[in-house]
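Everything below concerns the one structure shown next.
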Amino acid sequence: MLELYRAVYGETLGRDEWLEQWRWKYRRNPAGKPVIWLAEAGGRLVGQYPLNPVRMKVGEEIFTGVQMVELMTHPDYRRRGVSLALARKALDEARDRGLGLAYGFPNRMAYPTHMMAGYADVGATAAWIRPFNAGNILKRRLKSGLLAGAGGAFAGAILKAFYREVAAPAAEGLSVSEVASFDGRADELWGVVSRQHRIAVVRDMGYLNWRYAEVPGVKFTIYIAEKAGKLLGYAVLKCEEQGGLVFGRIFELVVLPGQGAVARHLLHRAGEHFQRAGADLIIYRLLGNRAYNRYLRKGGFIRAGWLGSRARFIARPASPDIPVALLAAKENWFVQSGDSDAV
């Protein structure tokens, strides 16, 4: 499996690092054992299709669903139907094991395969950005450093004029602080938040700590907002470099219903955190949520449609108890970056 990974992605991870992340993802998953189908040819693996279990709220019920993760086909065996054959085998097993639904975030290459395997295209995750360094961003587009500098100064002036962060409303007694992990209050928070959403990953303490606090070799930053000992919301952040830019990524933003001030304070703290880290911009992806969209606009974020249009979110029922129409409606879902398997 490591050889297949390296054939697809190159030697981005050492053997021990890869193995630790594999064990974390599949063996330590609190939702249960994965479904993993492999294709073999000539004594080597040429394809894999893992489905990783995740507890899901669907309507008023809790199901164990699966997330399609780390689909790989060896470069020598692409366009031969390997992925589709594996998808059908894995989804049949998921159905036989009583796993309620499957979802994922396929890339452009994998998207057609999943449509043929019976997934529904729920929609594109919207990308919201907050730029800090327009000059560095333009350097990716312009070969001339002089033009990039001039364009960056102009773009920076435009951003300051039209996309100012509105000061977060006063919230007496509110405290925002960094923590290493989540405690039992996360269960209480999710019990209230979940009532606002028809379909969502169950974000309880066990899941959140596995997803963000226990990932080997990866550092997520967790901020919680609390008042008088009650957890009102949280944000999960991570900084990374890509293509010469430093990205600040918001993986999770969750607040109690009607707590716009809390969301704004968390977004403001995220901005401070990423500016200290030297980020060129912040990016946050979610699947349509009007309340969160308002929080983001007032927090100085811009909706960047050109970044989100290709980031598709798909879903498929594996149980007759879950209708396709329920999964296909974007407004039924609560989906953010952290719902993917990205680390």
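The values are calculated or read from the model by the stated rules, or taken from the named source; none is laboratory data. From a predicted model like this one, the values you see are computed outputs, not experimental measurements. Using ideal geometry, Cβ is built from the backbone for each residue, glycine included, and neighbour counts are taken over all protein chains shown.
Can you find, within the range 168-211, the residue that is farthest from Ile224 (Cα to Cα) among those that are assigned to a strand (DSSP E or B) and not acidic (Asp, Glu)?
Checked the range 168-211; the qualifying residue farthest from Ile224 (Cα to Cα) is Ile199.
With respect to Gly184, determine if the residue is small (Gly, Ala, Ser) and more than 21 Å from the chain's Cα centre (by Cα). Taking the combined requirement at face value, the residue satisfies it. The residues in the range 171-208 that are surrounded by 14 or more Cβ atoms within 10 Å (Cβ to Cβ), free of Cβ contacts under 8 Å to residues at least 60 places away in the same chain and over 30 Å from Ala329 (Cα atoms) can be counted, and the count is 2.
Among the listed residues Arg108, Arg130, which satisfies the condition of being in a loop (DSSP other than H, G, I, E, B), out of contact with any His (no Cβ under 9 Å at 6 or more places or on another chain) and either among the polar types (S, T, N, Q) or at pLDDT below 95 (or both)? Walk me through it before giving the result.
Working: Arg130 fails: in a loop (DSSP other than H, G, I, E, B).
Within the list Arg108, Arg130, the selection yields Arg108.
Taken over the range 330-343, residues that are exposed (fewer than 15 other Cβ atoms within 10 Å of the Cβ) and assigned to a loop (DSSP other than H, G, I, E, B) amount to 1. Among the residues that make up the range 261-276, is at least one of them in a loop (DSSP other than H, G, I, E, B), at pLDDT 95 or above and in contact with a strand residue (DSSP E or B) (Cβ under 6 Å, 6 or more places away or on another chain)? Within the range 261-276, not a single residue is in a loop (DSSP other than H, G, I, E, B), at pLDDT 95 or above and in contact with a strand residue (DSSP E or B) (Cβ under 6 Å, 6 or more places away or on another chain). Of the set (1) among the aliphatic types (A, V, I, L, M); (2) touching a Phe, Trp or Tyr at 6+ places or on another chain (Cβ under 8 Å); (3) assigned to a strand (DSSP E or B), all apply to Ala87 but (3). Considering the range 24-53, the residues that are part of a helix (DSSP H, G or I) and touching a residue at least 24 places away in the same chain (Cβ under 8 Å) include one that is surrounded by the fewest Cβ atoms within 10 Å (Cβ to Cβ), namely Tyr26.
Scanning the range 38-84 for residues that are charged (D, E, K, R) and within 19 Å of the chain's Cα centre (by Cα) gives Arg55, Lys57, Glu70.
Is it true that Val246 is β-branched (Val, Ile, Thr), farther than 27 Å from Tyr111 by Cα, surrounded by 22 or more Cβ atoms within 10 Å (Cβ to Cβ) and touching a residue at least 24 places away in the same chain (Cβ under 8 Å)? Please lay out each step first, then the result.
Numbers: β-branched (Val, Ile, Thr): yes; farther than 27 Å from Tyr111 by Cα: yes; surrounded by 22 or more Cβ atoms within 10 Å (Cβ to Cβ): no; touching a residue at least 24 places away in the same chain (Cβ under 8 Å): yes.
In short, no.
Out of all the residues in the range 10-18, is one or more surrounded by 14 or more Cβ atoms within 10 Å (Cβ to Cβ), outside any strand (DSSP E or B) and either not assigned by TED's automatic domain parsing to the domain that holds Gly104 or not polar (S, T, N, Q) (or both)? Yes, some residue in the range 10-18 is surrounded by 14 or more Cβ atoms within 10 Å (Cβ to Cβ), outside any strand (DSSP E or B) and either not assigned by TED's automatic domain parsing to the domain that holds Gly104 or not polar (S, T, N, Q) (or both).
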